[in-house]
Amino acid sequence: MNYSKFSLLVLLFCFTFLLAKADEGMWLPLLLKNLNEKDMKAKGLKLTAEDIYSVNKSSLKDAVVNFGGFCTAEVVSDKGLIFTNHHCGYSAIQSHSSVENDYLTYGFWAKSLKEELPNPSLTATFIVRIEDVTAKVLEGVTANLSESERQVQINRNINKIRREAVADSHYEASIRPFFYGNEYYMFITETFLDVRLVGAPPSSIGKFGGDTDNWVWPRHTGDFSVFRIYAGKDNKPAPYAKDNVPYKPKHFFPISLKGVKENDFSMIYGFPGRTQQYLSSEAVRYLIEKSNPAKIKMRATVLGIMDNSMKSSDQIRIQYAARYASIANYYKKWIGELQGLKAFDAVGKKKTLEEEFIKLANKNPETAKLYGEVLPRIIQNQKNLEKYALARELFLEIVYYGSQIIDLASKFMATYEYGESVENLKSQVEEHFKDYHLPTDKAIFAESMKIYYDNIDKALYPDIFQAVQNEFGGDFKKYADFIYDNSHLVNLEKVNELLKKNKSEVQTILSQDPTYRLMKSLFASYTVRINNEYQVLNNEIESQMRIYVDGLRKLMPDKKYWSDANSTLRLSYGKIEGSAPRDGMMYKHYTTLEGIMEKYVPEKNGEFDVDKKLIELYNKKDYGRYGEDGKLIVCFTASNHTTGGNSGSPILNGSGELIGINFDRSWESTMSDVMYNPNICRNIAVDIRYVLFVIDKFAGAGYLLNEMKIVGK
Ligand code: ARG
Ligand code: ASP
């Protein structure tokens, strides 16, 4: 085969591949009719696009809830009952827990409306309608405007459109850019302020498998919790009040006991947070070669130190549990993402696409003028951005996920330099020391600073690194000794001493405190050397991406395009299926209670402990109508494209009935935030029959089922 024939074949292959990425995409509900309805019906949807999203009648969207701004939930009764994940309700459950009433460990079930527990500041938001406002937002935006003038004009338009849209109503309006600002959509929302905790399984069910099983298939977590939305007597949002009443929704999901079969159609309706499908080859290379490895190294080191300390004492184990879980979550995600993108040759695929783009652009002078130069510019800018981006990411790591002492110093700065209240600081100090173990923090400090030092460009160093060189020979352990021996911020007594003094005394002491001086130096270098440059370059890339993505859609019009997730309401669809994630390995599409027993390790509060009651039900095979052929299905996987924020989302069958609650992806799937591999990327849901089984048979809270609409058995 000669070369040109060969490359043509490769191109054709890549092209068909791009066109055929069956289940990729997080689609805007109001565009389903034109873009997806036909395809969805062919795959098994029994409803119309209008049933899923409508502004004229009630539709599925009216049962989908943005839960607190960080997760998704779904309405399952005409009394405002909602399901979400256990890990989404976790802090609410935790806030009601104490040693006497340990709902985290033992679960919680309100026996009547009166026992449901209010959660100040927890919200539930519905989408009232979505509108394409592109033309209005871009009014007066002409080609001769500079980027900053363009932004000023756009913001002016946005403010005006929003104001007009919600005048005289209790709704809110937000307008978000799509396709890097080629399109704009407005979301009219209604936010409820009284959301009460109704029920939660014990952690041995809701968090079964803990961090070990997080991002892992096969999975056996009953990751659900139950809340209820309350409204004023007029069914409108109202702040918490004792005599608020259960919210009457426009729609709630019927729950299907029919179960899931391999290859069944399924869809997920929710609020995915962030994806980056259109990154350039250079940006993906940076992610694979620099960003993820550096952050993984940083977190591996931090987690290793924490793990050692946590194993050495129960007290430390409890103190660091939540912090450990949150650091471990994305640490694990990045490893899977990195491996997946490498194995899939994501950079190679991007390069092929980019070459094709440039070729197509240069086919005629007009498109050449518009799009011919944009990719080389993006790539050059991305190269220039790299050192700032890396320093910025690692800076955020050391401040937020590294040693806690720097974080505490930054709180002092907020108080004594930026006027935050001392009262506020006092309560933060309490919190801080409640979960603080000095030797652990000190070890983390030395190691994470060293990684920062070794990985970022020398020109971006904070000034204080010079002193670390001069005085400690660059040895961060010695520097740590110095800091922890001399700082006022290392224990509660010293800090309380400090807080007794007046403002100017505190400021004088802080100005000589080694932690405080380090933190100030770090922040100064971040602001002046790192973030300024980063923002300038990043803004340039963003506006070039607008042109590139516009070009993609015009030059390759046969592909269906979806705009990156941005925490707005989306629908993804695919089917119930397992995968073959690695050589010699097959994932089935479901797991059962047998698997829980296989993983069982008796140990109070252990990750794989199993409640006696559940073992009893298992031994008796007492699954009632929730079982299937003598088995109880616990979780299943499907090819629905999801990301962070989709936790708690309803997973629905072709008739719009609830079959599960989404909560995770498998490790190998996490690359889908950057590139979707249809053979591997799967979401993980808890089977709704397991949820009802736990509520009914395990917890004896079957009365809750009376208000649900259960179909199929
Ligand atoms: N991986 C899930 C998602 O990203 C989080 C699951 C929470 N559970 C845990 N063991 N940390 O958010
Ligand atoms: N676990 C994620 C969430 O909490 C979902 C995911 O990333 O797949 O939203």
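Taking only the Cα atoms of the range 285-342, the radius of gyration and Dmax are 13.2, 42 Å.
Under the convention that each Lys and Arg Cβ holds +1 and each Asp and Glu Cβ holds -1, the size of the dipole of the range 385-424 around its Cα centre is about 120 debye. Each other residue within a Cβ distance under 12 Å of N157 adds +1 if Lys or Arg and -1 if Asp or Glu, for a net charge of +4.
Tell me, what is the FRET efficiency for K631 and V711 to the nearest 0.05, using R0 = 22 angstrom and their Cβ-Cβ distance as r? The partial results should precede the final answer.
On the way: r = 21 Å, r/R0 = 0.95.
E between K631 and V711, to the nearest 0.05, is 0.55.
Database remark: amide H of G660 closer than 5 angstrom to the amide H of I651, I688 (H placed geometrically; neighbours at sequence offset of 5 or more, or on other chains; Pro and chain starts carry no H). In this Cβ point-charge picture (+1 for Lys and Arg, -1 for Asp and Glu), the range 109-180 has a dipole of about 60 debye about its Cα centre.
Which whole-number percentage describes the relative contact order of the chain, with Cα contacts under 8 Å and a sequence gap of 6 or more?
Here the relative contact order equals 23 percent.
One decimal place: the segment S511-S146 gains 127.1 nm when fully extended, by the rule 0.36 nm per residue minus the C-alpha distance.
Potential lengthening of the chain between K359 and K383 amounts to 6.4 nm, from the contour at 0.36 nm per residue minus the alpha-carbon distance.
Residue ranges 24-30, 605-611, 663-669 sort as 663-669, 24-30, 605-611 when ordered by packing (mean number of other C-beta atoms within 10 Å per residue, highest first). Using +1 at the Cβ of each Lys and Arg and -1 at the Cβ of each Asp and Glu in the range 144-213, identify which of G210, V195, V152 lies farthest towards the dipole's positive end. Final value for the positive-end residue is V152. Projecting label points 7 angstrom from Cα along Cα→Cβ for A325 and A135 puts them 5.0 nm apart.
Averaging 1/r over each pair of different alpha-carbon atoms in the range 329-385 and inverting the result gives 13.3 Å, the Kirkwood hydrodynamic radius. Radius of gyration over Kirkwood radius for the chain, both on Cα atoms: the Rg/Rh ratio is 0.97.
Among V468, V99, the order of accessible area from largest down is V99, V468, computed with a 1.4 Å probe on protein heavy atoms.
Each residue, K426 and E493, gets one label point 7 Å from its Cα in the Cβ direction; the gap between the two is 2.1 nm. Can you give me the pair-distance distribution of the range 496-605, C-alpha pairs, 5 Å bins, whole percents? Spelled out per bin, shortest first, that is 2, 7, 7, 7, 8, 7, 8, 9, 9, 12, 11, 7, 5, 1.
With 0.36 nm allotted per residue and the present C-alpha distance subtracted, the K613-D475 stretch has 44.2 nm of extension available. Computed on protein heavy atoms with a 1.4 Å probe, the accessible areas place I296, I188 in the order I296, I188, largest first. For the chain, hydrophobic long helices are taken as DSSP H runs at least 27 Å long by C-alpha position along their axis with mean Kyte-Doolittle hydropathy of -1.0 or more; these are 292-312, 314-343, 374-401, 532-555. In this structure the range 431-579 gives 45 Å² per residue of accessible area when probed at 1.4 Å with all protein chains present. Charge dipole of the range 626-713 (Cα centre as origin; +1 on each Lys and Arg Cβ, -1 on each Asp and Glu Cβ, all else neutral): 120 debye, rounded to the nearest 20. Compactness ratio for the range 551-614: Cα radius of gyration over 2.2 N^0.38 Å (N = residue count) comes to 1.97.
Can you compute the FRET efficiency between D314 and K434 using 1/(1 + (r/R0)^6), with r the Cβ-Cβ distance and R0 = 22 Å? Round to the nearest 0.05. So the FRET efficiency works out to roughly 0.90. Only one residue of S291, P272, A241 has its Cα farthest out toward the positive end of the dipole of the range 237-297, where Lys and Arg carry +1 and Asp and Glu -1 on Cβ, and that residue is A241.
Pair-distance distribution of the range 305-445: all C-alpha pairs, bin width 5 Å, starting at 0; shares per bin in whole percent are 2, 8, 11, 13, 13, 11, 9, 8, 7, 7, 6, 4, 2, 1, 0. Bridgeable lysines around K261 (alpha carbons under 21 Å apart, same-chain partners fewer than 8 residues away excluded): K41, K43, K46, K575, K588, K631, K713. Computed 3J(HN,Hα) for the range 38-52, one whole-Hz value per residue from the Karplus formula 6.51 cos²θ - 1.76 cosθ + 1.60 where θ = phi - 60°, is 4, 4, 5, 5, 4, 8, x, 6, 9, 9, 9, 4, 5, 5, 7, glycine and proline marked x. All other residues whose Cβ lies under 9 angstrom from that of R196 are scored, Lys and Arg at +1 and Asp and Glu at -1, for a net of -1.
Solvent-accessible area assigned to carbon and sulfur over the chain amounts to 52 percent, based on a 1.4 Å probe.
At a Förster radius of 22 Å, what calculated FRET efficiency corresponds to the Cβ-Cβ distance of E164 and K236, to the nearest 0.05?
0.55
Computed over all pairs of different Cα atoms, the Kirkwood value for the hydrodynamic radius of the range 418-550 is 17.3 Å. Computed over protein heavy atoms with a 1.4 Å probe, the accessible surface of the range 156-290 works out to 37 Å² per residue.
Over the residues of the chain, the helix contribution to mean residue ellipticity at 222 nm works out to -14000 deg cm²/dmol, using -39500 (n - 2.57) for each DSSP H run of at least 4. For the range 556-658, trypsin sites (Lys or Arg not before Pro) are listed when DSSP marks them as loop and at most 15 other Cβ atoms sit within 10 Å of their Cβ; the list is K559, K560, R582, K588, K604, K621.
The values are calculated or read from the model by the stated rules, or taken from the named source; none is laboratory data. Just so it is clear, the model here is predicted, and its values are computed rather than measured. Here the Cβ is made from the backbone with ideal geometry for all residues, glycine too, and neighbour counts use every protein chain on show. Side chains are part of the model used for accessible areas, which takes the heavy atoms of the whole protein and leaves out ligands, DNA and RNA. Shrake-Rupley method; radii C 1.70, N 1.55, O 1.52, S 1.80 Å.
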